[in-house]
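Structure, as structure tokens:
The values are calculated or read from the model by the stated rules, or taken from the named source; none is laboratory data. What you see is a predicted model, and the numbers here were worked out from it, not measured in a lab. Neighbour counts run over all protein chains shown; Cβ positions are idealised from the backbone, glycine included.
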Amino acid sequence: MTEQDLLTRARAFVGGEATPPVTARDAVNQPMIRRWAEAMGDANPLWHDPQVRAAGGFAGAIAPPAMLDVWTMARYRPGGRTADEGMPVLQLFDAAGYTGVVATNIEQEYLRYLEEGDIVSMRATVADVSDEKRTGLGIGHFVTIDYEFTDQRGDAVGRMKFRVLKFKPPLTQAAPAADGEKPNKFPHPRPAITHDNAFFWEGLKQRKLLIQSFGGRLVHPPVPACPETGSFDWTTVEASGRGTIHSFVIMHQPQLPCFDYPLPVVLVELEEGVRIVANMLGATADEVAIGKPVTLDFVEVEPDYILPAFRLA
Amino acid sequence: MDTISNKAAIVGIGATEFSKNSGRSELRLAVEATLEALADAGIDPAEVDGLSTYTMDNNPEIELFRAIGGRALKFHSRIHYGGGAACAPIMHAAMAVATGIAKTVVCYRAMNERSQYRFGTGHTPPPVPTAETAHYGWYVPFGLISPASWVAMQAQRYMHDHGATSEDFGRVSVAARRHAATNPKAWFYQQPITLEEHQASRWIVEPLHLLDCCQESDGAVAVVVTSVEGAKSLRQPPAMIRAAAQGAGDDSQMMTSYYRKHIGRISEMNIVAEQLYAQAGIGPADVQAAILYDHFTPFVLPQLEAFGFAREGQAKDFIREGNIELGGRLPINTHGGQLGEAYIHGLNGVAEGVRLVRGTSVNQVAGVSNVIVTAGTGVPTSGLILSPA
């Protein structure tokens with residue numbers, strides 16, 4: 001999906017429902033008001049003292065206005081919301097790699113105090129999706145949701161504008177595993193993860209060998225743009241795992257503690273037409289030869305660090 | 001066509017001794033070689049107004065410049081890709097003097113590569129997300145961590161495709177050590193080897209034996225470039241820069257060009273060779289000697305092919321016939337090369353090219369009118385053709 005496709009699809013949500021409407025599970029009530037005010041450090045006696053309340057002309061308990069959106073909030077669920085509780089417009093960005101989220105603005109407008117017994121309903125509408133913005137957190141889009149709150153009579157009681165930034169989080173570099181059980185173990189050399197190659201190393205974690213594809217034109221190692229057309233649009237294809245040894249070496253020196261020597265290292269030509277360097281599994285140095293067919297396997301060299309490896313077919 | 005050909009010349013060469021432990025700073029080595037090169041040329045160090053070196057050199061231009069009493073530095077440049085630079089600082093210097101940007105440019109390379117750090121111990125860069133470090137991620141997780149190992153992968157395929165053998169690689173090493181044996185400056189002075197010793201030397205990375213790999217050295221080399229006009233009044237006969245070129249392409253990778261159609265090829269050098277011959281207006285028949293970059297023996301063979309001394313895949317026959325030795329069709333690496341003299345990232349080869357033009361090599365080739373000098377192979381590279389005035 002190109003950046004323009006993403007924006008077009010995201011903006012198709014503007015003006016529509018962000019989530020299905022919600023009605024509060026509990027009426028406005030004194031215990032929840034008290035707990036909320038205590039948690040917020042709001043000592044205003046208006047929220048819990050009947051005399052002060054009466055002096056202000058209120059018969060029953062009233063809620064701090066800032067609690068406007070509390071009543072219709074999703075239930076607390078350890079581990080986060082389930083997929084059906086999310087917003088499709090934000091999920092679209094998640095799927096496109098904009099997995100980071102941060103709330104940037106909230107504006108609330110209060111039309112009246114909520115009183116004990118009120119049952120609040122909420123409707124959320126996608127108000128705006130910004131152009132691509134380059135922020136300190138990363139590249140992303142601001143998504144603005146308008147909320148309208150009504151009472152049990154259907155009358156408006158308040159509004160809220162809530163803006164989040166959906167962004168591509170910075171690349172995280174794979175750190176050598178903190179291996180408490182084997183503190184002297186030499187760490188297996190790690191690759192540098194860039195925006196251009198991250199898919200390859202992510203794919204390996206799923207035990208998939210992914211090859212960059214520009215409309216069927218395969219390239220390895222990956223490049224930002226198609227060398228033939230200049231297109232920045234690419235997808236990946238999963239290697240079948242069949243290939244032949246195009247060349248090889250047998251390492252004797254220098255040696256790293258994390259390998260066994262003599263160490264064959266092979267350059268395999270995959271049947272898809274690209275070549276890749278990897279190690280052999282279950283083959284001795286004298287069994288390796290140019291032209292021999294091989295099949296792909298994977299080896300977990302450290303916890304959660306998976307590399308491709310080949311076996312003689 | 002207006003080219004760089006014969007616009008500039010190398011007028012001075014200098015070097016420190018070549019050792020395994022210089023016992024002094026790389027910067028001092030650079031200064032010593034620079035002052036010797038300027039003295040060789042008969043140029044006052046205060047006249048230097050340009051410097052060029054390798055990105056891998058650790059000696060800032062301004063540190064060198066203040067040490068030699070420089071007054072106004074008007075040009076400085078650095079060339080990337082390790083030993084692939086070798087000839088390119090001379091090309092940049094020639095461009096600078098030909099355009100009037102600078103008048104006197106010193107090209108230098110100084111390193112304590114043996115005593116302070118070693119390229120051959122294995123390269124496992126930290127996972128910093130740059131394109132340059134990401135490159136190594138395709139190799140180091142699989143234990144392919146040394147320059148020898150990166151070269152060996154292409155060498156193995158070259159052998160398979162063309163029937164070259166380890167002995168053919170060995171003959172390159174034997175010739176280099178024979179030449180070094182008569183060069184008092186060479187680390188392996190008076191230490192020739194036999195092909196049997198080459199074959200018996202231990203494996204480093206199959207198919208490379210120990211004696212297929214160049215030395216690791218401490219030392220420095222510097223050369224002085226000025227305009228052809230300026231060269232006329234100087235102490236030494238000029239080595240005219242008849243051609244100078246850089247080259248990369250055909251999906252070049254840093255020492256691992258494994259993705260081009262024929263990985264036995266070092267296409268970078270073909271691109272350099274075509275330019276050099278075109279600039280000079282000559283062909284291989286006009287070349288009497290060559291300094292071919294020899295960090296590892298296998299890549300000498302495709303260089304002979306790139307420059308047209310043998311057809312593709314047939315350099316082994318050219319070598320078996322003794323053509324790369326003294327008295328042969330194309331004596332190469334008459335100083336002993338990096339296998340025999342020292343590994344100064346190829347700049348010592350440029351200095352030997354100058355000596356061949358001057359007629360002062362310890363293994364002088366008769367009737368030299370054109371010498372080819374090349375830079376590191378398996379990487380983006382560079383080359384020169386040097387000639388007498």
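Of everything in region B:99-109 that's within 15 Å of B:Ala231 (Cβ to Cβ) and over 23 Å from the mean Cα position of the chain (by Cα), which residue is surrounded by the fewest Cβ atoms within 10 Å (Cβ to Cβ)?
B:Lys103
If we scan region B:126-149, do we find a residue that is at pLDDT below 95, within 14 Å of another protein chain (Cβ to nearest Cβ) and in contact with a Lys or Arg (Cβ under 9 Å, 6 or more places away or on another chain)?
Within region B:126-149, one or more residues are at pLDDT below 95, within 14 Å of another protein chain (Cβ to nearest Cβ) and in contact with a Lys or Arg (Cβ under 9 Å, 6 or more places away or on another chain).
Please verify whether A:Ile306 is touching a helix residue (DSSP H, G or I) at 6+ places or on another chain (Cβ under 6 Å), in contact (Cβ under 8 Å) with a residue 60 or more places away in the chain and more than 21 Å from B:Leu208 (Cα to Cα), treating the condition exactly as stated. Full working, then the answer.
Working: touching a helix residue (DSSP H, G or I) at 6+ places or on another chain (Cβ under 6 Å): yes; in contact (Cβ under 8 Å) with a residue 60 or more places away in the chain: yes; more than 21 Å from B:Leu208 (Cα to Cα): yes.
The answer is yes for A:Ile306.
Can you work out which of the residues in region B:97-125 that are of a type in the set (Gly, Ala, Ser) and touching a residue at least 60 places away in the same chain (Cβ under 8 Å) is farthest from the other protein chains (Cβ to nearest Cβ)? Break it down into steps so the answer makes sense when it comes.
The first filter runs over region B:97-125 and keeps only residues of a type in the set (Gly, Ala, Ser), leaving B:98, B:100, B:102, B:110, B:115, B:120, B:122.
Then keep just the ones that are touching a residue at least 60 places away in the same chain (Cβ under 8 Å); that gives B:98, B:110, B:115, B:120.
Details: B:Ala98: 34, B:Ala110: 25, B:Ser115: 18, B:Gly120: 7 Å.
Filtering first and then ranking leaves B:Ala98.
Can you name every residue in region B:180-202 that is buried (at least 17 other Cβ atoms within 10 Å of the Cβ) and under 30 Å from B:Val105 (Cα atoms)?
B:Ala180, B:Asn183, B:Lys185, B:Ala186, B:Trp187
Yes/no matrix, rows are residues, columns are (1) under 22 Å from the mean Cα position of the chain (by Cα); (2) of a type in the set (A, V, I, L, M):
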{"site": "B:Leu29", "(1), (2)": "yes, yes"}
{"site": "B:Glu47", "(1), (2)": "no, no"}
{"site": "B:Gly83", "(1), (2)": "yes, no"}
{"site": "B:Ala96", "(1), (2)": "yes, yes"}
{"site": "B:Arg118", "(1), (2)": "yes, no"}
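Give me a count of the residues in region B:23-32 that are within 16 Å of B:Asp57 (Cα to Cα) and not in a helix (DSSP H, G or I).
Residues flagged as within 16 Å of B:Asp57 (Cα to Cα) and not in a helix (DSSP H, G or I) within region B:23-32 amount to 2.
Within the set of pairs 6 or more residues apart or between chains, which connect a residue that is in contact (Cβ under 8 Å) with a residue 40 or more places away in the chain and more than 20 Å from B:Arg78 (Cα to Cα) inside region B:37-52 to a residue that is β-branched (Val, Ile, Thr) and assigned to a helix (DSSP H, G or I) with Cβ atoms less than 9 Å apart?
Between residues of region B:37-52 that are in contact (Cβ under 8 Å) with a residue 40 or more places away in the chain and more than 20 Å from B:Arg78 (Cα to Cα) and residues that are β-branched (Val, Ile, Thr) and assigned to a helix (DSSP H, G or I), there is no close pair.
Output the number of the condition that A:Phe259 fails; it satisfies all remaining conditions of (1) in contact (Cβ under 8 Å) with a residue 60 or more places away in the chain; (2) within 8 Å of chain B (Cβ to nearest Cβ); (3) part of a loop (DSSP other than H, G, I, E, B).
Of the numbered conditions (1) in contact (Cβ under 8 Å) with a residue 60 or more places away in the chain; (2) within 8 Å of chain B (Cβ to nearest Cβ); (3) part of a loop (DSSP other than H, G, I, E, B), the odd one out for A:Phe259 is (1).
Read through the list (1) facing chain A (nearest Cβ under 7 Å); (2) buried (at least 18 other Cβ atoms within 10 Å of the Cβ); (3) in a loop (DSSP other than H, G, I, E, B), then give the number of the only condition that B:Val205 fails.
Of (1) facing chain A (nearest Cβ under 7 Å); (2) buried (at least 18 other Cβ atoms within 10 Å of the Cβ); (3) in a loop (DSSP other than H, G, I, E, B), only one is false for B:Val205: (3).
Among the residues that make up region A:56-63, is at least one of them over 19 Å from A:Lys168 (Cβ atoms), assigned to a strand (DSSP E or B) and of a type outside the set (Ser, Thr, Tyr)?
Yes.
Residues in region A:220-237: is at least one within 10 Å of chain B (Cβ to nearest Cβ), surrounded by 13 or more Cβ atoms within 10 Å (Cβ to Cβ) and either modelled with pLDDT under 95 or not in a loop (DSSP other than H, G, I, E, B) (or both)?
No - not one qualifying residue is present in region A:220-237.
Can you tell me which residue is farthest from A:Leu171 (Cα to Cα) among those in region A:84-106 that are of a type in the set (A, V, I, L, M) and over 13 Å from the mean Cα position of the chain (by Cα)? Talk me through it step by step, then tell me what you get.
Residues of region A:84-106 of a type in the set (A, V, I, L, M): A:87, A:89-90, A:92, A:95-96, A:101-103, A:106.
Filter again for over 13 Å from the mean Cα position of the chain (by Cα), leaving A:87, A:89, A:103, A:106.
Details: A:Met87: 25, A:Val89: 23, A:Ala103: 21, A:Ile106: 29 Å.
That would be A:Ile106.
Please specify each residue of region B:111-163 satisfying the condition of being under 20 Å from B:Gln338 (Cβ atoms), in contact with a strand residue (DSSP E or B) (Cβ under 6 Å, 6 or more places away or on another chain) and crowded, with 18+ Cβ neighbours inside 10 Å. So that I can check it myself, show each step before the final result.
Filtering region B:111-163 for residues under 20 Å from B:Gln338 (Cβ atoms) gives B:111-123, B:146-152, B:154-155, B:158.
Still in the running and in contact with a strand residue (DSSP E or B) (Cβ under 6 Å, 6 or more places away or on another chain): B:112, B:114-115, B:148-149, B:151-152.
Those that are under 20 Å from B:Gln338 (Cβ atoms), in contact with a strand residue (DSSP E or B) (Cβ under 6 Å, 6 or more places away or on another chain) and crowded, with 18+ Cβ neighbours inside 10 Å: B:Asn112, B:Arg114, B:Ala148, B:Ser149, B:Val151, B:Ala152.
Within region A:272-295, can you find the residues that are more than 8 Å from chain B (Cβ to nearest Cβ) and β-branched (Val, Ile, Thr)?
Those that are more than 8 Å from chain B (Cβ to nearest Cβ) and β-branched (Val, Ile, Thr): A:Thr284, A:Val288, A:Val294, A:Thr295.
State whether the residues of region B:214-221 include one that is more than 14 Å from every other protein chain (Cβ to nearest Cβ), touching a strand residue (DSSP E or B) at 6+ places or on another chain (Cβ under 8 Å), touching a residue at least 40 places away in the same chain (Cβ under 8 Å) and part of a loop (DSSP other than H, G, I, E, B). Walk me through it before giving the result.
So in region B:214-221, the residues more than 14 Å from every other protein chain (Cβ to nearest Cβ) come out as B:214-215, B:217-221.
Then keep just the ones that are touching a strand residue (DSSP E or B) at 6+ places or on another chain (Cβ under 8 Å); that gives B:214, B:217-221.
Going one step further and asking which of them are touching a residue at least 40 places away in the same chain (Cβ under 8 Å), we end up with B:214, B:217-221.
Next, from what is left, pick out any that are part of a loop (DSSP other than H, G, I, E, B): B:214, B:217.
For region B:214-221, residues more than 14 Å from every other protein chain (Cβ to nearest Cβ), touching a strand residue (DSSP E or B) at 6+ places or on another chain (Cβ under 8 Å), touching a residue at least 40 places away in the same chain (Cβ under 8 Å) and part of a loop (DSSP other than H, G, I, E, B): present.
Let me confirm something: among B:Glu352, B:Glu321, which residue is closer than 24 Å to B:Asn21 by Cα and at pLDDT 95 or above?
Being closer than 24 Å to B:Asn21 by Cα and at pLDDT 95 or above holds for just one of B:Glu352, B:Glu321, which is B:Glu352.
Cβ-Cβ below 9 Å, separation at least six or inter-chain, first residue in region A:217-231 and not assigned by TED's automatic domain parsing to the domain that holds A:Val268, second buried (at least 17 other Cβ atoms within 10 Å of the Cβ) and among the small types (Gly, Ala, Ser): which pairs?
Close Cβ pairs satisfying both conditions: none exist.
Of the residues in region B:70-94, how many are part of a helix (DSSP H, G or I), in contact with a Phe, Trp or Tyr (Cβ under 9 Å, 6 or more places away or on another chain) and under 23 Å from B:Val11 (Cα atoms)?
First pass over region B:70-94, keeping only residues part of a helix (DSSP H, G or I): B:82-84, B:88-94.
Those left that are additionally in contact with a Phe, Trp or Tyr (Cβ under 9 Å, 6 or more places away or on another chain): B:82-84, B:88-89, B:92-93.
Pick out the ones that are also under 23 Å from B:Val11 (Cα atoms) and you get B:83-84, B:88-89, B:92-93.
The number of residues fulfilling the criteria is 6.
Within region A:273-295, identify whether any single residue is free of Cβ contacts under 8 Å to residues at least 40 places away in the same chain, more than 27 Å from B:Gly264 (Cα to Cα) and either surrounded by 15 or more Cβ atoms within 10 Å (Cβ to Cβ) or of a type in the set (A, V, I, L, M) (or both), and answer yes or no.
Scanning region A:273-295, I find no residue that is free of Cβ contacts under 8 Å to residues at least 40 places away in the same chain, more than 27 Å from B:Gly264 (Cα to Cα) and either surrounded by 15 or more Cβ atoms within 10 Å (Cβ to Cβ) or of a type in the set (A, V, I, L, M) (or both), so the answer is no.
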